[in-house]
């Protein structure tokens, strides 16, 4: 099957939200396509606060720090990628507002992979998220798909298969040396 997207064009600078259930491949994707300094992972901030990325009691403090670092990066004109589930509109809303406050385009890269695959990948991890939580995240994501474009994202790209996630490339728009002939993806890519 031919992937739907061969290249995702992201404005540089911008705020990129990775959106998907645990086990959908967001962290691997971020590591493959972005510099470590560009990626703000909720697990990393949770570990900073509580010495344990799985300590959910540290989530509020972790996101307070993540938002503060994102604000500093956006103000400095740096591409900023948020690696968190971002499956709830109330989690995305402040990030979209933050991007707009700093005059940056908010971009959503959505990992709409099959629930079964997310559960399998998650189970294979040494520190997996409970299956009921992954199912809940997947359900929230599915409910959000039709609403993402209306939330204020400048661009929304939905990846549907592991092959698509594996083969898609990222091009930076506005960055020195960017491919100016690259296909620009927008709201019409939300399918």
Relative contact order, percent, the chain [alpha-carbon distance under 8 Å, six or more residues apart]: 36 percent
Where labels lie 7 Å past Cα in the beta-carbon direction, separation of residue 116 and residue 167 in nm: 2.1 nm
Stretchable slack from residue 143 to residue 97, in nm (0.36 nm times residue separation minus alpha-carbon distance): 14.4 nm
Of 55, 12, 43, the one that fluctuates the most in a GNM where the chain has Cα springs shorter than 10 Å: 55
For segment 1-102: relative contact order, % (alpha-carbon pairs under 8 angstrom, 6 or more apart): 39 percent
GNM top mover of 157, 129, 87 - the chain, alpha-carbon springs below 10 Å: 129
Most fluctuating residue given options 74, 159, 101, as computed from a GNM of the chain linking Cα atoms under 10 Å: 101
Rg(Cα) / (2.2 N^0.38 Å) computed for the chain, rounded to two decimals: 0.97
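Only counting other Cβ atoms within 10 Å, I'd like 51, 61 sorted with the fewest neighbours first.
The order, fewest Cβ neighbours first, is 51, 61.
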Spacing of the two label points (7 Å from each Cα toward its C-beta) at residue 31 and residue 68, in nm: 2.8 nm
Cut-off 18 Å, label 7 Å out along Cα→Cβ of residue 90, residues of segment 42-58 by amide N: 56-58
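Per the helix-only calculation at 222 nm, which mean residue ellipticity applies to the chain, given -39500 (n - 2.57) for every DSSP H run of n ≥ 4 and division by its residues, nearest 500 deg cm²/dmol?
The helix contribution divided over the chain gives -12000 deg cm²/dmol.
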Pairs of Cα atoms farther than 14 Å apart, segment 1-42, %: 57 percent
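Coordinate-derived values only; no laboratory data. The structure presented is a predicted model; accordingly, all values stated were derived computationally and were not measured. Every residue, glycine as well, gets a Cβ built from its backbone with ideal geometry; the counts of neighbours run over all protein chains shown.
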